[in-house]
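Here is the structure we will look at.
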Number of protein chains: 2
Amino acid sequence: MSKVVFGVDLGGTTVKMGYFTPEGEVVEKWEIVTRKEDAGKHILPDICKSIQEKMAEKSIAKEDVIGVGIGVPGPVDGDGVIYKAANLGWGVFSIKNQMEELLGGIKVEAGNDANVAALGEMWRGGGKGHKNMVAVTLGTGVGGGIIIDGKILTGSTGAGGEIGHIHVEDAETEVCGCGNCGCLEQYTSATGVVRLTNRRLAKDDMASVLREGEISAKTVFDAVKAGDKLACEVATQFGEYLGKGLAAVACVVNPEVFVIGGGVSKAGTVLLDYIKDHYTKHVFHGSRTAQFALATLGNDAGIFGAAKLVLGE
Amino acid sequence: MSKVVFGVDLGGTTVKMGYFTPEGEVVEKWEIVTRKEDAGKHILPDICKSIQEKMAEKSIAKEDVIGVGIGVPGPVDGDGVIYKAANLGWGVFSIKNQMEELLGGIKVEAGNDANVAALGEMWRGGGKGHKNMVAVTLGTGVGGGIIIDGKILTGSTGAGGEIGHIHVEDAETEVCGCGNCGCLEQYTSATGVVRLTNRRLAKDDMASVLREGEISAKTVFDAVKAGDKLACEVATQFGEYLGKGLAAVACVVNPEVFVIGGGVSKAGTVLLDYIKDHYTKHVFHGSRTAQFALATLGNDAGIFGAAKLVLGE
């Protein structure tokens, strides 16, 4: 039997799971429900049981499992200890130790879900071939994952790569979810794009297809592609904020590539054009050659990255 | 004979040199002139000759030299290759290989001077006891050195830690040395503080001791300590820019400590108070516990860090 590695992506409603060859080919993937009751105490046993059932079903011997990687929605340090995951009901404990015990000694590595997804994109996705990468997830919020020399930068308290909270607008009066004002997330998340659009629509009565129907990041970028002038103005503002924020990130870690993912990134390459223009304008010349790519693994980035977490460099 | 390690800090006019015990005690330090003529081709031979003379003088055997570390004013990659140092006349070549040959096989490690100085402050200076640190040098320009898990973050093209060029002011019309507008360096370097002061003085005729005599970062912060109202306004602006910039840095690398050095930092702890206030206001809560400390090694940070570069973690 050849060796395999398991990858687990723990979310608030479902747990995505898969197992892979060491080269990164997915053999099979499946999902289980995240049982959050009783302060989330069933979650890890459920996951370990599911892995053991899969091993039995596929006749995978324990010695053929290189390990199990898991990405979780909260800050995790380099030793696999989580520092609270509010939406799972979890406090502080070692995910690594608990899962290794439940799995009878199989090696486990744990990381923050956004960071782990970044690792997945580096291994088999939009950042393939690079070792210094910044993953940018434009979803409900704006998340980041920083990879330096092939390894996740977790930061001293697990708050590395929280690039959605870089301050980019002094004039902002509305408060971000984090409590500050003027965070990158307020303009470049899915809801941020809607906010920018509503503000622009209210400014004057310029004609736009966006005056009819529901406004979402998708409808805005669809309108951009159709040449809607107001939508293009919104995209320019979006690009200005994100370009400025990512230029700041580049001044710190000087990556080879930015990999843009999350719901907003479904707009496609048009998005990259708007970002690159403003990035180039604001970035230090030493980082001007950084590339921009779209994430390619979608919702599977987490299980890929979790598997890679175990495999190491 | 006990083991020693050499540290070299190559500057545009002088080369600072020293040798150390592996524990980081300096045994002796000295300087030689930087001979920049002939495209800087004498510089490394001069340095190696000086090291060999010191070894002869002190009867240090080759096998007792753990290695030689060197910090140079330009981007250096992880393999010791420099990518141009304009003010030395240097192009692209391996400093490590050339020096190892000149020194008959003694191990050499090379790094960027700002990064190497940061490593020195982590080892024996203001960042002692920490492994995740950002060094901020407020001198003629604003430089940075990022240390992650005890190692220098060089970045993919050696432009990691160029935090002086984070964009912090949209309204700026004057151009920074880098060609962009609104860089952190334009407000928080020694010349930046003078610019802020001159702008404030020109705004109205508020009384200030700064209206008489020469304006420098030193006279401004001396006036702050004496309670001069206008000077305090300038310090607040300085703190606002630097706090905002460092909050962005924290959103990326989440350090344990910021170590503030360079000429401007001679103002002392009053400086940290102005920075911390604004840092706390803008930073993501996960990075709010970061500490602020002053650099303590002064001009010796480079030779300490160069030595540490060879010793590793």
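Side notes on the structure shown:
- Net charge dipole size for the range B:213-313 [Lys, Arg +1 and Asp, Glu -1 on Cβ; Debye, nearest 20]: 140
- Assuming charge only on the beta carbon of Lys and Arg (+1) and of Asp and Glu (-1), the dipole of the range A:114-242 about its Cα centre is about 520 debye to the nearest 20.
- Dipole magnitude of chain A about its Cα centre (Cβ charges: Lys, Arg +1; Asp, Glu -1), debye to nearest 20: 260
- Relative exposure of B:Thr34, B:Thr154, B:Thr236, judged by other C-beta atoms within 10 Å (fewest first): B:Thr236, B:Thr34, B:Thr154
- Debye equation applied to the C-alpha atoms of the range B:20-105, log10 I(q)/I(0) at 0.19 Å⁻¹: -0.98
- For chain A, the longest principal axis of the alpha carbon atoms and the long axis of helix A:190-203 meet at an angle near 10°.
- Of all aspartates and glutamates in the structure, those lying under 13 Å Cα to Cα from B:Lys203, and not within fewer than 8 positions of it along the same chain, are B:Glu233.
- Shown for B:Lys58: label points 7 Å from Cα along the beta-carbon vector, and their distances to the equivalent points in the other copies, 5.9 nm in ascending order.
- Distribution of pairwise C-alpha distances over chain A, 10 Å bins, in %: 6, 27, 31, 22, 11, 3, 0
- Whole-Hz ³J(HN,Hα) from phi, Karplus 6.51 cos²θ - 1.76 cosθ + 1.60, for the range A:48-63, glycine and proline x: 5, 5, 4, 5, 5, 5, 5, 4, 5, 4, 9, 6, 8, 6, 4, 6
- For the range B:138-166 versus the range A:2-81, the inter-centroid distance based on Cα atoms is 37 Å.
- Working from Cα pairs under 8 Å separated by at least six residues, relative contact order for the range A:1-137 is 22 percent.
- Temperature 20 °C, viscosity 1.002 mPa s: under these conditions the Stokes-Einstein estimate for the range B:241-313, based on its Kirkwood radius over C-alpha pairs, is 161 µm² per second.
- Loop GluC sites (Glu not before Pro), the range A:30-86, which have at most 15 other Cβ atoms in a 10 Å radius of their Cβ (DSSP): A:Glu37
- C-alpha long axis of helix B:301-311 to longest principal axis of chain B, angle in °: 50
- Cross-link check: pairs A:Lys36/A:Lys96; B:Lys3/B:Lys41; A:Lys128/A:Lys276; A:Lys16/A:Lys96 evaluated at a Cα-Cα cut-off of 25 Å; pairs beyond the cut-off: B:Lys3/B:Lys41.
- Helix content alone sets the calculated 222 nm mean residue ellipticity of chain B: runs of n ≥ 4 DSSP H residues at -39500 (n - 2.57) each, divided across all residues, give -11000 deg cm²/dmol.
- Amide proton proximity set for A:His42, modelled H, under 5 Å, gap of 5+: none
- Sparse-neighbourhood loop sites, GluC sites (Glu not before Pro) in the range A:181-221 - DSSP loop, at most 15 other Cβ within 10 angstrom: A:Glu212, A:Glu214
- Global form of the protein assembly as shown, assessed from the alpha-carbon gyration tensor, a/c cut-off 1.5: oblate
- For A:Gly126, residues with placed amide H under 5 Å, excluding near neighbours: A:Thr296, A:Leu297
- Percent of Cα pairs exceeding the 18 Å cut-off, where the set is the range A:1-154: 58
Where a number appears in this text, it was derived from the coordinates with a stated rule and is not lab data. Being a predicted model, the structure only gives us computed values, none of them experimental. No Cβ is skipped: glycine too gets one built from the backbone with ideal geometry, and neighbour counts run over all protein chains shown.
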